[in-house]
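A short worksheet on the structure shown next.
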Amino acid sequence: MNWRIIFQLSIFGLIMAFATVQLIPERIEPVFWLFIFAFCAWVIAKVCPGKYFLHGFLVSMVNCVWITAAHIIFRLTYMAHHPQAASLYTNLPASLQSHPRLAMLITGPIFGAGFGVILGLFSFIASKIVKKNSVAG
């Protein structure tokens, strides 16, 4: 496992964690993520020696830590700028609705794992397309 590249690529998640709080509108956020996932998949395919899916999955799980933390810390601002995301929390059990930060703490890793599967698949597919750098002997 190339932990260095996993943490380096997760910096995109850290940037997006703060950018999605107030700067990036909810309706165009998926476009940013699509470009980030494509770039991360390309880097993983180019740099990592194998286990492409797992590398992509772990990048998203580290991203999940950054994003969940930022959204918990800046909950009111995030919810004000993301009404669609805020509406998801109204479908949760009453015990979680009264504790929105706890709800975010629980749902964050679930979304992280879901997006981890997507980035893992992107990375696996990219490994079949991207040519590795050859090592000069």
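The values are calculated or read from the model by the stated rules, or taken from the named source; none is laboratory data. Being a predicted model, the structure only gives us computed values, none of them experimental. All Cβ positions, glycine included, derive from the backbone under ideal geometry; neighbour counts span all protein chains shown. Each accessible area value is taken on the protein alone, full model and side chains, heavy atoms only, with ligands, DNA and RNA left out. Shrake-Rupley method; radii C 1.70, N 1.55, O 1.52, S 1.80 Å.
Details
- Crossing angle, helix 11-22 versus the chain [Cα axis fit, 0-90 degrees, rounded to tens]: 30
- Electrostatic bookkeeping for Lys132 treats Lys and Arg as +1 and Asp and Glu as -1; over the other residues with beta carbon under 15 Å from its beta carbon, the sum is +4.
- Protection proxy ranking, highest mean first, for peptides 65-73, 123-131: 65-73, 123-131, where packing is the per-residue count of other beta-carbon atoms within 10 Å, averaged.
- Here the Karplus curve 6.51 cos²θ - 1.76 cosθ + 1.60, taken at θ = phi - 60°, turns the phi angles of region 49-61 into couplings of x, x, 6, 4, 4, 5, 4, x, 4, 5, 4, 5, 5 Hz, with x standing for Gly and Pro.
- As an equivalent ellipsoid, the chain spans semi-axes of 32, 14, 12 angstrom, where each value is the square root of five times an eigenvalue of the C-alpha gyration tensor, largest first.
- Applied to region 31-45, the Karplus parametrisation 6.51 cos²θ - 1.76 cosθ + 1.60 on θ = phi - 60° returns per-residue 3J(HN,Hα) values of 5, 4, 5, 4, 5, 5, 5, 4, 5, 4, 4, 4, 5, 4, 5 Hz, with x for Gly and Pro.
- Taking each residue as 0.36 nm, the span from Thr77 to Phe7 lengthens on full extension beyond its C-alpha to C-alpha distance by 22.5 nm.
- For Arg75, the accessible surface of its heavy atoms amounts to roughly 50 Å² (probe 1.4 Å, protein chains only, rounded to the nearest 10).
- Carbon and sulfur %, accessible surface of the chain computed with the full protein complex present, 1.4 Å: 73
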